[in-house]
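Heads up: the structure comes next, in structure tokens.
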Amino acid sequence: MIPFSPPKINQEIIEEITDTLKSGWITTGPKTKLFEKKISEYCGNPSTLCVSSATAGLELILRWFGIGEGDEVIVPAYTYCATANVVVHCGAKPVLADINKDDFCIDVSKLKSLITPNTKVIIPVDIAGYPADYDSIFSLVNEQDVRSKFNAKTQEQKDLGRILILSDAAHSFGAFYKGKRTGVCTDITVFSFHAVKNLTTAEGGAIALNLPEPFENEKLYSFFNIMSLHGQSKDALAKTAGNWRYDVISAGYKANMTDIQASMGLVEIKLYDKETIPRRKEIFDMYSKAFASFSWAKCPLYENDTNTSSYHVYLLRINGIDENMRDDIISRIFKKEVAVNVHFQPLPLLSFYKNLGYKMGDYPVSYSNYACEISLPVYFDLTNNDVETVINAVKTSVEEVLKSV
Ligand SMILES: *Cc1c(COP(=O)(O)O)cnc(C)c1O
């Protein structure tokens, strides 16, 4: 069986983790702090805080920005549930936007009509590693009528004076938008290092701060560092120098990254541009080259003048099929010993969101892109032979199903 997304574990990772285990310091410590610096160096943003997950990172930011009851946060209908769940956690309302047919990212032309005086944040998602159209989103939130509608309640909202752009870059570490890496394209970017992501620490995430004046990103880093550890004014590392006394400045969260996780991240970030991204790109190119010749295949967009993907998920679409046929194709692919997946079921298809009243029919592009989508395996250890096996399994399965109608 060719698995869908096994993590890449090499000897260097094992040694780095072993070093951490033997060091006597396994929770947040020097390696986490070093990993944060490496992420900021890589992305070019002023300051980065590592956290226990992207979900925790997104929620910390929403809470800091004062998001709560009565507020609205715009998210794409087509994303993993985490993007919207964090809005619900804060007691606010997720407002769903449909997506672009071509790139699966939030459709900026749909946003204006969704903005109300309660809209506080937009969370674009870089689906499959392809960055959303950030310039257009910024132009929109800076339009005079949109700015004057913004009803700032907290000091942070007053200081920003407009809707916050918080990107869910769970898929797009290392991607480029107009020559800039994700991490410096929006006010705040949140990355995920979950086991299936391009760069993994088993579980984990990072908040890349890049806020404009008058915000001080370094100061905010210290604030979020404290808020990710119970609001405790000193973390365990700071207390080792005999400075045992600490204070609690707020009922903070528990969302810190451990040095065990950071050990993996340190090795992975070093190899990221050298090994991970080039291999993933090769696999994307092999798939596209193979499928381009079939009229039933619609290959994903992953590179153009403005965007370079991080090659996270290969979103193949099959022309002229419905959801049932897609599911039939997937079970046939599995029978040929190849694991594939679907990214993602749009939020209105999930019971929780359906029960809140969201209707799939209101997001037609999200539905049609989902209904014919099959995600193919992409990972460092997938060999060229494996890629051939996947291509053949997909091709044969699609043709079997198309023939039967
Ligand atoms: C994986 C994922 C997340 C959540 O990441 P965690 O680190 O598991 O919290 C959020 N958004 C999207 C789009 C994801 O795919």
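Checking the conditions here, which among Lys298, Lys336 is charged (D, E, K, R) and buried (at least 17 other Cβ atoms within 10 Å of the Cβ)? Lay out the reasoning, then the answer.
Working: Lys336 fails: buried (at least 17 other Cβ atoms within 10 Å of the Cβ).
Checking each option against the conditions leaves just Lys298.
Looking across Ile283, Ile277, one residue alone is under 17 Å from Val196 (Cα atoms), crowded, with 21+ Cβ neighbours inside 10 Å and more than 20 Å from the chain's Cα centre (by Cα). It is Ile283.
Per-residue answers, yes or no, for (1) under 17 Å from the mean Cα position of the chain (by Cα); (2) at positive phi; (3) not small (Gly, Ala, Ser):
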site	(1), (2), (3)
Ala169	yes, no, no
Thr186	yes, no, yes
Thr189	yes, no, yes
Val196	yes, no, yes
Leu199	yes, no, yes
Pro214	no, no, yes
Ile226	no, no, yes
His230	no, yes, yes
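Just to verify a result, which residue in the stretch 339-380, among those that are under 30 Å from Ile2 (Cβ atoms) and among the small types (Gly, Ala, Ser), is surrounded by the fewest Cβ atoms within 10 Å (Cβ to Cβ)? In this case the residue turns out to be Ser368. Among all positions in the stretch 148-155, there is no residue which is among the β-branched types (Val, Ile, Thr), out of contact with any Phe, Trp or Tyr (no Cβ under 6 Å at 6 or more places or on another chain) and within 12 Å of the ligand (Cβ to nearest atom). For Leu160, the conditions (1) more than 20 Å from Glu373 (Cβ to Cβ); (2) hydrophobic (A, V, I, L, M, F, W, C); (3) in contact with a helix residue (DSSP H, G or I) (Cβ under 7 Å, 6 or more places away or on another chain) all hold with the exception of (3). Here Asn225 does not fit the description of being buried (at least 19 other Cβ atoms within 10 Å of the Cβ) and touching a helix residue (DSSP H, G or I) at 6+ places or on another chain (Cβ under 9 Å). Among the criteria (1) more than 16 Å from the ligand (Cβ to nearest atom); (2) under 20 Å from the mean Cα position of the chain (by Cα); (3) not aromatic (Phe, Trp, Tyr), the one Pro94 does not fulfil is (1). Scan the stretch 191-206 for residues that are within 11 Å of Ala54 (Cα to Cα) and more than 9 Å from the ligand (Cβ to nearest atom) and the total you get is 1.
No value in this document is a laboratory result; all are computed from the given coordinates. In this text, all values refer to a predicted model and were calculated from it rather than measured experimentally. Ideal geometry is used to build each Cβ from the backbone, glycine not excepted, and the neighbour counts take in all protein chains shown.
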